[in-house]
Each structure stands twice: as structure tokens, then as C-alpha cells.
Amino acid sequence: MKDRLGILFSGLCVVHCILFSFFLWGGVGSIGFIAASEELIHPILLLLVFFVGLISFPSAYIKHKQKGPLLLGIIGTTGLFLGLFTPILFEILLTTLSGTVLITAHLWNYRLNR
């Protein structure tokens with residue numbers, strides 16, 4: 001269940017970034033509510049991803065003793081965190097990549113726990 005939530009929230013990060021980039025490059029980026037939602041949604045999704053990873057990866061590592069999912073989880077979460085402090089274009093790329101890394105980590109973790 002924890003990894004499924006992790007996949008969901010990481011996927012939401014990726015979808016959010018892709019949709020935001022379409023709005024931004026489509027000329028809608030000047031609308032204030034999009035910019036405001038960007039400043040609010042990214043930190044909220046990051047907190048959700050962080051806490052789900054915190055309860056998912058360490059407990060699964062204790063069970064299956066594979067470091068790979070845990071390391072990918074740390075890398076992905078770090079990338080999402082760094083995305084908060086980067087210019088918008090780099091944020092979109094970094095967040096999309098990091099979210100994909102997290103999805104991979106949760107899928108791997110899920111398969112090891114079955």
C-alpha cells in the first residue's frame with residue numbers, strides 16, 4: 001500500500017510538472033493563479049512524497065535487504081527538493097526526472113515486497 005501511494009504521489013509530481021510546462025509555454029504563464037498554485041503545489045507534493053518514502057523505503061529495506069530502492073528513493077526525493085530552488089525550466093526537467101526515479105524506486109520496492 002505504501003509503495004502504491006508513493007507511485008501515486010510521485011506520478012502526480014510528474015503530471016503536475018508536465019501540465020505546468022504546457023501552461024507556461026502555451027502563454028498562460030502570466031495568469032497569477034498558475035504561479036500561485038505552483039508555489040503551493042510543489043511543496044505539498046514534496047511533503048507527501050517525502051513522508052510516504054520515509055515510511056516505505058526503510059521498513060522495506062529491513063525486510064528485503066536490498067539497498068537499490070532506498071538509494072533511488074533518496075536520489076529522487078533529493079531531486080524534488082532541489083527543484084524548489086532552481087529556475088523554472090530546470091525545475092520542470094529536474095522534477096520530471098526525479099519523479100520518474102521515485103516511481104521506479106517504488107515499483108522496485110513493491111516487487112521485492114510481494
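Quick notes on this structure:
- Rounded to 10°, Cα long-axis angle of helix 88-113 versus longest principal axis of the chain: 20 degrees
- Chain lengthening between Thr100 and Leu54 when straightened (0.36 nm per residue, less Cα-Cα): 14.8 nm
- C-alpha long axis of helix 2-23 to longest principal axis of the chain, angle in °: 20 degrees
- Looking at the stretch 42-114, the chymotrypsin sites (Phe, Trp or Tyr not before Pro) that sit in a DSSP loop and have at most 16 other Cβ atoms within 10 Å of their own Cβ are Phe85.
- Correct choice for mean projected area of the Cα convex hull in nm² that was computed from the model, options (1) 12.4; (2) 6.4; (3) 7.6: (2)
- A dipole drawn for the chain from +1 and -1 charges on Cβ atoms has a positive end, and of Thr78, Val52, Leu112 the residue lying farthest that way is Leu112.
- Considering helices alone, the calculated mean residue ellipticity of the chain at 222 nm is -30500 deg cm²/dmol, with DSSP H runs of length four and up weighted by -39500 (n - 2.57) and normalised per residue.
A short reminder: the numbers here are calculations on the coordinates, not readings from a lab. Since the structure is predicted, the reported quantities are computational estimates derived from the model, not experimental observations. Neighbour counts run over all protein chains shown; Cβ positions are idealised from the backbone, glycine included.
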